[in-house]
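The values are calculated or read from the model by the stated rules, or taken from the named source; none is laboratory data. Computed from a predicted model, the values in this text were never measured in an experiment. Backbone-built Cβ (ideal geometry, glycine too); neighbour counts: all protein chains shown.
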C-alpha cells in the first residue's frame, strides 16, 4: 500500500494501513472537521507532538441532536489536548457560500504567513466536495507547498443483516446510507476541464455503497465510455449480500458494454491516479468527467489527476441533506503527503 509517484508538479507519497501516525515535518496549519462520527477524532488523537495551530471547520446543522454530537466531539478533541479556533460554516449542502468562506479563510492564512503554506488536513470527515475544492484551490493558486492528508478508515457493517430499507427517491428504489433526498451535482472550482461543453464525454466514476442512486447520477452525463471504480473491500464485491434494488442496479450498470471495471482498495489513491491518468490520455472524448461518489482517498486521487490533465473535470454529488450515520474507526490510518516539488519552501 505504500507508494510514491509523481504527477505533474506534485510528488505524492502514500502510506497505508497504519496503526498510528508519525509526522515527518512541521506545519503552518492543521485543518479538521467537527463531525458527529466516532471516527472523527481517531486520526488526530493518534498523532503525538502536534504543535501547529488547529482550525476546526464546523458546518451548521438544524438538528439539535447533531449539534450535541458535535459538541461531544469537540470535548474529545479538547480532552486530548487538541484545541483551536472554529471556522463557522453554513450547512454542508450550501457549497457556494461555504467554498467562498473557505477560500477567504485560506487566502488570509496564506497572506499572514507570507509564503506557500504547509498544511496538515484530517480529511476523514471532510465532505468530498470540500476536500477536492481545498486541494484544487491550494495547488492551482500556489497557496500550498505541502499538503499532508490523514484518513481514518471507517467500520461499515453493510451486508451483515443491518441494511437500511429502500426509499423511493426520484422514482428510484434506493438504499440511502449517508445521504437523503435527490442528488444535485457540483462542478468543483479549480478542477475544471478545458472544454466545459463537449460534444463527446467519457466518465470516470468512483462508486460508493449507494449504488441505485448513483446510476441515474452517472447516466445524466451520457458517457460514451465509463470507467467504474469499485472499492475492493465494499459489499458491492459480494452482490448476493446486497438488497434487491442495489443488486439489480449494480448488475445493470456492469452489463453496459461501455463500462470498464476497476477494483481499487479503499485507501489506494495511487492506483486510481495511475489508471485515471491513462484513461484521460487515451480517451478520444473532448472532455472527461470524474465523479467522486466513493471513498475520500479516491476523491483525492481524482483531484490530483484533474490538476494535471486538462481534459478532466471533477464533480461531486450534493444531496438534499446528509444522514447522521455514526461511523466507528476501523483502527487503520492512511497518510497522503503531497508536495509541490518545484516550490523551494517545501524543502525548508
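Of everything in region 209-225 that's surrounded by fewer than 21 Cβ atoms within 10 Å (Cβ to Cβ) and under 17 Å from residue 311 (Cβ atoms), which residue is nearest to the chain's Cα centre (by Cα)?
Checking each candidate, the answer is 221.
Only one residue in 31, 23, 11, 44 is under 24 Å from residue 145 (Cα atoms), part of a helix (DSSP H, G or I) and touching a residue at least 40 places away in the same chain (Cβ under 8 Å). Which one?
The unique qualifying residue is 44.
Just give me the residues in region 155-208 being modelled with pLDDT under 80, under 24 Å from residue 258 (Cβ atoms), under 23 Å from the mean Cα position of the chain (by Cα) and not in a strand (DSSP E or B), in sequence order.
Selection gives 196 alone.
How about region 6-22: which of its residues are crowded, with 16+ Cβ neighbours inside 10 Å and farther than 17 Å from residue 124 by Cα?
Hits for region 6-22 are 7, 10, 11, 12, 13.
Give just the number: which of (1) assigned to a helix (DSSP H, G or I); (2) modelled with pLDDT under 95; (3) in contact with a strand residue (DSSP E or B) (Cβ under 9 Å, 6 or more places away or on another chain) does residue 98 not satisfy?
Among (1) assigned to a helix (DSSP H, G or I); (2) modelled with pLDDT under 95; (3) in contact with a strand residue (DSSP E or B) (Cβ under 9 Å, 6 or more places away or on another chain), residue 98 violates only (2).
(1) assigned to a loop (DSSP other than H, G, I, E, B); (2) crowded, with 22+ Cβ neighbours inside 10 Å: which one isn't true of residue 326, the others all being true?
Of the numbered conditions (1) assigned to a loop (DSSP other than H, G, I, E, B); (2) crowded, with 22+ Cβ neighbours inside 10 Å, the odd one out for residue 326 is (2).
Could you check region 275-297 and list, in sequence order, the residues that are over 16 Å from residue 200 (Cβ atoms), assigned to a helix (DSSP H, G or I) and in contact (Cβ under 8 Å) with a residue 12 or more places away in the chain?
Within region 275-297, 275, 276, 277, 296, 297 meet the criteria.
State which residue is modelled with the lowest pLDDT when the search covers only region 8-45 and only residues that are more than 19 Å from residue 338 (Cα to Cα) and in contact with a strand residue (DSSP E or B) (Cβ under 6 Å, 6 or more places away or on another chain).
This residue is 38.
Might you let me know whether region 310-329 holds any residue that is within 16 Å of residue 17 (Cβ to Cβ) and in contact (Cβ under 8 Å) with a residue 12 or more places away in the chain?
Yes, some residue in region 310-329 is within 16 Å of residue 17 (Cβ to Cβ) and in contact (Cβ under 8 Å) with a residue 12 or more places away in the chain.
Can you give me the number of residues within region 93-121 that are in contact (Cβ under 8 Å) with a residue 12 or more places away in the chain, under 18 Å from residue 136 (Cα atoms) and under 22 Å from the mean Cα position of the chain (by Cα)?
First pass over region 93-121, keeping only residues in contact (Cβ under 8 Å) with a residue 12 or more places away in the chain: 93, 95, 98-99, 101-103, 105-107, 109-110, 113, 115-121.
Imposing the further condition that a residue be under 18 Å from residue 136 (Cα atoms) reduces the set to 95, 98-99, 101-103, 105-107, 109-110, 115-121.
Filter once more, keeping what is under 22 Å from the mean Cα position of the chain (by Cα): 95, 98-99, 101-103, 105-107, 117-121.
Adding up the residues that qualify gives 14.
Say we look at region 232-274 and pick out the residues that are part of a helix (DSSP H, G or I), crowded, with 18+ Cβ neighbours inside 10 Å and at pLDDT 95 or above; which of these is nearest to the chain's Cα centre (by Cα)?
The residue in question is 269.
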